[in-house]
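Beneath this line is the structure, given in C-alpha cells, with notes to follow.
Please treat every number below as a calculation from the coordinates, not as lab data. Given the structure is predicted, the values throughout are model-derived calculations rather than measurements. Ideal geometry is used to build each Cβ from the backbone, glycine not excepted, and the neighbour counts take in all protein chains shown.
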Amino acid sequence: MVETTAETALQQTGVRLTPQRLAIAGVLAQTGKETSAQELYERVRKRHAYIGRATVFRSLDRLVSAGLAQRLERPGHVSAYIWCEPGHHHHLICTTCRTVEDLDEGAVAPLAETIARQRGFRVDHATLDFYGECRTCASRYPRGRTVRRAPR
C-alpha cells in the first residue's frame, strides 16, 4: 500500500518512475521516521540487493527537489531525510524516538504575520522544523529523568 502511495506521489510530481526510485521512495515513505541515507540504503538493500549507495543519494536528491522528501540536519551536520506529502508544511521531530509529524502551515502563519507586522519583513517562504519530544516520549520520560536517545 505504501509503495502505491509513493508511486502515485512520484507520478503526480512528474518524477520519472524507475524500479530503484520506486523502491527507495517506498521504503522512505514506510519508515515514518527521519533516516540517514546510509540507514535508508541498508533498509532498501534488504529487499533490493542490486541498488547501489550512489543511486540512493541521487534518488533522495530528486525526491527533495520534487518536494516528496525533506532533508533535516542531525547533530554533527549529518543529513537525515523524511517522506513528505506534497504541499507546504512544517515538522515536529522527536529527538527520542525520531518520529516525524507534519505541522500544517496554519500553525505557523501567525508567526510569519507577526514578523511582517513587527519587523516589516515580508516572508516569502518559511521552513520550520521543531525538535523536541513527542507526546508519547514526553509522558514516558518526565523532565529530569535521563533519557536514552534513539540511535543515529
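Number of residues in the range 72-103 that are in contact with a strand residue (DSSP E or B) (Cβ under 6 Å, 6 or more places away or on another chain) and under 16 Å from Phe130 (Cβ atoms): the value is 17.
Rundown of residues vs (1) basic (Lys, Arg); (2) surrounded by fewer than 16 Cβ atoms within 10 Å (Cβ to Cβ), yes/no style:
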{"position": "Ala37", "(1), (2)": "no, no"}
{"position": "Glu42", "(1), (2)": "no, yes"}
{"position": "Arg45", "(1), (2)": "yes, no"}
{"position": "Ala49", "(1), (2)": "no, yes"}
{"position": "Thr55", "(1), (2)": "no, no"}
{"position": "Asp61", "(1), (2)": "no, yes"}
{"position": "Val64", "(1), (2)": "no, yes"}
{"position": "Leu68", "(1), (2)": "no, no"}
{"position": "Pro75", "(1), (2)": "no, yes"}
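Strands (runs of 3 or more DSSP E) fully within the range 44-105 that include at least 1 residues being polar (S, T, N, Q) and more than 18 Å from His125 (Cα to Cα): 78-83.
Examine the range 24-33 for a residue that is under 27 Å from Arg140 (Cβ atoms), touching a residue at least 40 places away in the same chain (Cβ under 8 Å) and part of a strand (DSSP E or B), and state whether such a residue exists. So far as the range 24-33 goes, yes, one or more of its residues are under 27 Å from Arg140 (Cβ atoms), touching a residue at least 40 places away in the same chain (Cβ under 8 Å) and part of a strand (DSSP E or B). Restricting to the range 8-19, count the residues that are assigned to a helix (DSSP H, G or I) and buried (at least 17 other Cβ atoms within 10 Å of the Cβ). Matching residues across the range 8-19 total 2.
What about Ala80, is it within 12 Å of the chain's Cα centre (by Cα), surrounded by 12 or more Cβ atoms within 10 Å (Cβ to Cβ) and among the aliphatic types (A, V, I, L, M)? Taking the combined requirement at face value, the residue satisfies it.
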